[in-house]
Structures are given as structure tokens and as C-alpha cells.
Amino acid sequence: MDVEQTIYQQLGESDGLRTIIETFYENVGNEPLLAPLFPENMAPVIEKQHQFLTQFFGGPPLFSEKHGHPMMRARHMRFPVTNERADAWLACMNAALEQNNVEDELREFVIARLQGPAYHFVNTHS
Ligand code: HEM
């Protein structure tokens, strides 16, 4: 892990991030807690997640340019996000990073950065 570089750079910039996100949504599609919340066609979700994580990890502000203020918690309010689903979301991302051979230290750093938002989006207690 190179602390002089943004996470976005360390994950391989646009192409590297896209590959990880594609793997992530394959994992989501195979996760019974998450799959029913998502549309059959994941392409638009992949695109928006690519724009969002690009800016979240220190790359250009693609999401805000296209869609305005992220307001990510609000954008998740129409879905029942439980603690278990936040765990499952993070597990799918952790697996995607492993499947794409992201080194352990960087993988753990990325997951730690995503934990805050993931549990912040919990809006339903099961
Ligand atoms: C905590 C568990 C989470 C669940 C269950 C969840 C679920 C969802 C669902 C169902 C959608 C909508 C898909 C559609 O367009 O139909 C969505 C959209 C999105 N999610 Fe999540 N999500 C979670 C966490 C996160 C996290 C941690 C991030 C990023 C830090 C994130 C970023 C996004 C983005 C960027 C979109 C697209 C927003 C838009 O439509 O403008 N999500 N999520």
C-alpha cells in the first residue's frame, strides 16, 4: 500500500475499479440477502457505483457531476437496509477485492472506509 497515492489510484483507476465493481455485483447477485433488492439488469447500478466510488476514493467527482449531491443515505431509504444486509454488502466487496488480488493491507483499508457508510445506511431493524 502506497500512502502517497489515492485509493482510486491504488485500485487501478477507472479500469481497475470497474473490474472490482463488476465482480462485486456478481457477488451481490449470488447473495440471497441482497439479490432481491436489485434489478435484473445491473448495468446502470454498476455505472453509478463506478461514478460514486471513483469520487469516494479520491478520483474525479463523476457522481456529483452527473447526479448532484450524493445524499447516499437518502438514496437508500426506499430499500430495507438491515444490519445483516450491511454485513453482506461488505462481505461481497471484501470477496471482490480478494478475487481481484488486491493486497491484504489495501483491501482492509478499503473495507474500513466503506464500513462507516454501510452501517450508516441501515434504516430497518430486523
Ligand atoms: C449497507 C448495505 C447496502 C445495501 C443493502 C445497498 C443496496 C442498494 C440498492 C438496492 C440500490 C439501488 C439499485 C437500483 O438502482 O435499483 C443501491 C444503490 C446504490 N448504492 Fe447501495 N447499498 C448498500 C450500501 C452501499 C454502500 C456502502 C455504498 C457506497 C459507499 C453504496 C452505494 C450505492 C450507489 C452509488 C448506488 C446508486 C445510487 C443511485 O441510484 O443514484 N451502497 N444500493
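Couple of notes before you dig in:
- Looking across the stretch 27-42, just one residue is in contact with a helix residue (DSSP H, G or I) (Cβ under 9 Å, 6 or more places away or on another chain), more than 19 Å from ASN94 (Cα to Cα) and surrounded by fewer than 13 Cβ atoms within 10 Å (Cβ to Cβ), and that is PRO39.
- Of all the criteria given as (1) in contact with a helix residue (DSSP H, G or I) (Cβ under 8 Å, 6 or more places away or on another chain); (2) open to solvent by 60 Å² or more (accessible area, probe 1.4 Å); (3) within 16 Å of MET1 (Cα to Cα); (4) assigned to a loop (DSSP other than H, G, I, E, B), the one not satisfied by ASN101 is (1).
- Qualifying residue in the stretch 46-63 (condition: away from the ligand (no atom under 12 Å from the Cβ) and at positive phi): yes
- Scanning the stretch 68-124 for residues that are under 12 Å from the mean Cα position of the chain (by Cα) and basic (Lys, Arg) gives a single hit, ARG113.
The values are calculated or read from the model by the stated rules, or taken from the named source; none is laboratory data. Given the structure is predicted, the values throughout are model-derived calculations rather than measurements. When we count neighbours, we look across all protein chains shown, and the Cβ atoms used for this are built from the backbone with ideal geometry, even at glycine. Areas reflect the complete protein model, heavy atoms only, side chains present, ligands, DNA and RNA absent. Shrake-Rupley method; radii C 1.70, N 1.55, O 1.52, S 1.80 Å.
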